[in-house]
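Read-outs: derived from the displayed coordinates by stated rules, not from any lab. Quick caveat: nothing in here was measured; it's all calculated off a predicted structure. When we count neighbours, we look across all protein chains shown, and the Cβ atoms used for this are built from the backbone with ideal geometry, even at glycine.
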Amino acid sequence: MTAIVEIISATRLSEEKFWETSALGQSLRRLKREPRIEAHITFDNRRGLPDIFNARINVDRDDDADHLIFMHDDVWIDDFFLIDRVIEACRTFDVVGVAGNTRRLPRQPGWCIVDAKTLDDSRYFSGSVAHGPSPFGYVNHFGPTPAACELLDGLFLTARRSVLRAHNVLFDPAFDFHFYDLDFCCTAKDKGLRLGTWPIALTHQSNPLYGSPEWSELFLQYCEKWEPLYCRLDQCPKILARWASAGMLLEQHQIKPASATFTLSRSPAPAAAHHRTKSASHPPWAAAPSRCARRLRLR
């Protein structure tokens, strides 16, 4: 029986615009004679990526469609041996990406960074990804591949449905568009799965964006889930101060440590706070959303 590989993605574009203008849509049209590809695209999407990805993981199929690819719609597939590479990669690793980090640090907000402005040591990087608006862009060689990793870039992830279901590994719907990939990697590692990179030729049109209010809120939620030790009394003020850039968060929230409790409560922000967060010294992520303040009542 011929192996089927599902390519799962979501796009804000209409169906017509996706096939005509998106990198992934045009790539799939180019590969239309590859009988093993089965595309599952959610058009006009406003749902979180975990909901869409989990729906395909949970599908019961009687045929040989066990391999799943989760990828962005702004990725060109440059490798016309994609399916062979995916099948081969999944014989070595349980979850596979094209770029990753061989270590994971506390409070690490991205696979290749240690904070919003600082790259990790490149000796821990693995994989290659091209970047540019068109196919076959400029290639960034991060490090040797294949290699076992702790974290993978979410632009492209592949795994076998049977393996994910056997180990109860799903994407967390709490991380709709940010940190869904890091959380998925942590979950897979926690369940004993093997993560790694594989040489697959892709071109990514966009670069990651860090630091929006939504991103900052989910970063704290990600830390709460996987690193509660660093969200305790002696660490939370340090985390917030580091990400607040010159203390904007500390101005807008009252931090009141007690004997065994760290409480973050909302207080009225200065009248000019919204203007200051847009300046160079106070980037947009300086002001955390109020939901984040309510949630960070740790005991």
With a 10 Å radius around each residue's Cβ, average the other Cβ atoms per peptide and rank 32-41, 100-109, highest first. 100-109, 32-41
Eligible aspartates and glutamates near residue 189 by straight Cα distance, threshold 12 Å, same-chain separation 8 or greater: 94, 150
Once Rh for the range 100-217 is found with the Kirkwood sum over Cα pairs, what is the Stokes-Einstein diffusion coefficient at 25 °C and 0.890 mPa s, in µm²/s? 163 µm²/s
In a solvent-free Debye calculation with one equal scatterer on each Cα, what is log10 I(q)/I(0) for the range 1-101 at q = 0.22, 0.24 Å⁻¹, listed in the order of the q values? -1.35, -1.51
Just to be sure I follow: if Rg is taken over the C-alpha atoms of the range 52-163 and Rh is the Kirkwood radius over the same atoms, what is Rg/Rh? 0.98
For the range 5-204, what ratio Rg/Rh do Cα atoms give with a Kirkwood hydrodynamic radius? 0.93
Give a residue-ordered list of calculated ³J(HN,Hα) values for the range 159-176 (Karplus: 6.51 cos²θ - 1.76 cosθ + 1.60, θ = phi - 60°; whole Hz; x for Gly, Pro). 6, 8, 4, 5, 5, 4, 6, 4, 9, 6, 9, 9, 7, 7, x, 5, 9, 5
DSSP loop (so not H, G, I, E, B), at most 14 other Cβ within 10 Å: list which trypsin sites (Lys or Arg not before Pro) in the range 41-98 pass both filters. 46, 47, 61
Long-range amide H partners of residue 201, meaning residues 5 or more apart or on another chain whose placed amide H is closer than 5 Å, are 79
Dipole moment magnitude, nearest 20 debye, the range 5-204 about Cα centre, only Lys, Arg, Asp, Glu C-beta charged: 320 debye
Distance between modelled label sites at residue 138 and residue 62, nm, 7 Å Cα→Cβ extension: 5.3 nm
